[in-house]
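Student: The structure that follows is given in the form of structure tokens.
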Amino acid sequence: MKPRLDPNLFTITVALATLIHLPALRCQDTDQPYDTCGQSVKCGDVEFEYPFWGLGRPAYCGHPGFQLTCRSDVPLIVLESVTYRVLVDPDSSTHTITIARNDLWNTNCPQHLLNTTINSTLFNGNNFGQENVSLYYGCRNLKPGGIRAIVNYRFDCDVNGTGRSDSYFFRTSYIVTEFENSLVQCNNSIIVPVDQSRANRLASVTASESDLRSALTAGFNLQWMANNEECDQCVLSDGRCGSDSTSPERFACYCASGNFSLTCNNSDVNGGGKSFSDLLDSYFGRIVNMFIIYLNWPVQ
């Protein structure tokens, strides 16, 4: 009977293979998008998942237009150069978020007068039961025209050190043509969406500046459009929604078995990657094969 390979040589070979492969396996285990994107993040009492990212949540776990920051436990998102507070947990089932303008949170007199402009590629145009309120600044010698009890809609404001002057709020849809002609005397104006019930209150002849403050801090709803259907299908297939790390505008479904373009049942989107368990099985499979070769490979 021919002598077999030296057992010590086989042991050394297995040890070297382990040292080479296990660090890579550990990296696969700790840096899997499937695990990372399955974890939500919080700022204050508000919790976020896809399409939001930031706060330690990688960009590939969200959509490019939904980056978050956290300031004094207040979650903030910037849309079209305007910063908004996120007031409550986003609703993933309806894809809705409730936000309020941060520059109007503590005052009716923002430093910069910017309209509320929403990107129609990121958010649905549906008004979700809300209506616009117009804020007019720097108004002098304004005549009531067709609006009764105009004094109720007035508030004092100094914008950027231009001096205190009369400012007014109106439910935008209630501004009649006659009064609109008078509003050209105002220096600036902005439009802000508010909840429908609060817009109704602001249209009342008994409305006050306090009602305006309540409307502005209650915020308004938006429905995001960030590959919603794709994400819903991905979640149904036990995947995690995200974006392609090399092409952020492309949707990616991160699964335990790799990265896919739509669901965990379709073809690999970009080479993907095997799960840690799959890699481990493959590694030990190679060890077993080495052992079989050892047993059947006599030394010449």
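Student: Suppose we filter the range 191-224 for residues that are β-branched (Val, Ile, Thr) and not in a strand (DSSP E or B); how many remain?
Tutor: Here is the first cut: in the range 191-224, the residues β-branched (Val, Ile, Thr) are 191-192, 194, 205-206, 217.
Now drop any that are not not in a strand (DSSP E or B), which leaves 205-206, 217.
Number satisfying all stated conditions: 3.
Student: Against the conditions (1) outside any helix (DSSP H, G or I); (2) modelled with pLDDT of 80 or more, where does residue 173 fall short? Just the number, please.
Tutor: That leaves (1) as the condition not met.
Student: Would you call residue 92 hydroxyl-bearing (Ser, Thr, Tyr) and touching a residue at least 40 places away in the same chain (Cβ under 8 Å)?
Tutor: So residue 92 fits the description; yes.
Student: Still on this structure: Would you check which residues across the range 52-73 are farther than 18 Å from residue 34 by Cβ and either in contact with a helix residue (DSSP H, G or I) (Cβ under 6 Å, 6 or more places away or on another chain) or open to solvent by 30 Å² or more (accessible area, probe 1.4 Å) (or both) and list them?
Tutor: If the condition is that a residue be farther than 18 Å from residue 34 by Cβ and either in contact with a helix residue (DSSP H, G or I) (Cβ under 6 Å, 6 or more places away or on another chain) or open to solvent by 30 Å² or more (accessible area, probe 1.4 Å) (or both), then 55, 64, 67, 69, 70, 71, 72, 73 are the ones that fit.
For every residue, the table says whether it meets (1) closer than 28 Å to residue 111 by Cβ; (2) of a type outside the set (A, V, I, L, M); (3) outside any loop (DSSP other than H, G, I, E, B).
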{"position": "47", "(1), (2), (3)": "no, yes, yes"}
{"position": "51", "(1), (2), (3)": "no, yes, no"}
{"position": "64", "(1), (2), (3)": "yes, yes, no"}
{"position": "70", "(1), (2), (3)": "yes, yes, yes"}
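Student: List the residue pairs whose Cβ atoms are under 6 Å apart, where the first residue sits in the range 185-203 and is touching a residue at least 12 places away in the same chain (Cβ under 8 Å) and within 18 Å of residue 118 (Cα to Cα), the second is open to solvent by 60 Å² or more (accessible area, probe 1.4 Å) and outside any helix (DSSP H, G or I), and the two are 6 or more positions apart or on different chains.
Tutor: Once the first residue is touching a residue at least 12 places away in the same chain (Cβ under 8 Å) and within 18 Å of residue 118 (Cα to Cα) and sits in the range 185-203, its partners that are open to solvent by 60 Å² or more (accessible area, probe 1.4 Å) and outside any helix (DSSP H, G or I) give 190/115; 191/115; 191/132; 193/132.
Student: Kindly indicate which of 244, 195 is closer than 30 Å to residue 32 by Cβ and modelled with pLDDT under 95.
Tutor: On inspection, the qualifying residue turns out to be 244.
Student: State whether one or more residues within the range 147-159 are part of a strand (DSSP E or B) and either under 32 Å from the mean Cα position of the chain (by Cα) or at pLDDT below 75 (or both). Don't jump to the end; show me each part of the working.
Tutor: Taking the range 147-159 and keeping what is part of a strand (DSSP E or B), we get 154-157.
Adding the requirement that they be either under 32 Å from the mean Cα position of the chain (by Cα) or at pLDDT below 75 (or both) leaves none.
The answer is no; no qualifying residue exists.
Student: So which residues in the range 234-259 are acidic (Asp, Glu), open to solvent by 10 Å² or more (accessible area, probe 1.4 Å) and touching a residue at least 40 places away in the same chain (Cβ under 8 Å), if there are any at all? Even if it seems obvious, please write down each step before you answer.
Tutor: Kept after step one, since they are acidic (Asp, Glu), are these residues of the range 234-259: 238, 244, 249.
Checking the rest, the ones that are also open to solvent by 10 Å² or more (accessible area, probe 1.4 Å) come to 238, 249.
249 - this is the single residue of the range 234-259 that is acidic (Asp, Glu), open to solvent by 10 Å² or more (accessible area, probe 1.4 Å) and touching a residue at least 40 places away in the same chain (Cβ under 8 Å).
Student: Name every residue in the range 204-233 that is buried (at least 17 other Cβ atoms within 10 Å of the Cβ) and in contact with a Lys or Arg (Cβ under 8 Å, 6 or more places away or on another chain), in order of residue number.
Tutor: Result: 207, 211, 215, 216, 219.
Student: Go through the range 93-117 and report how many residues are within 10 Å of residue 222 (Cα to Cα) and crowded, with 18+ Cβ neighbours inside 10 Å.
Tutor: The total comes to 4.
The values are calculated or read from the model by the stated rules, or taken from the named source; none is laboratory data. All of these numbers come straight from a predicted model, not from anything done at the bench. Counting neighbours? That spans all protein chains shown, and the Cβs are built from the backbone with ideal geometry, glycine included. Ligands, DNA and RNA are stripped out before the accessible areas are found, and what is left, the full protein with its side chains, is counted by its heavy atoms. Shrake-Rupley method; radii C 1.70, N 1.55, O 1.52, S 1.80 Å.
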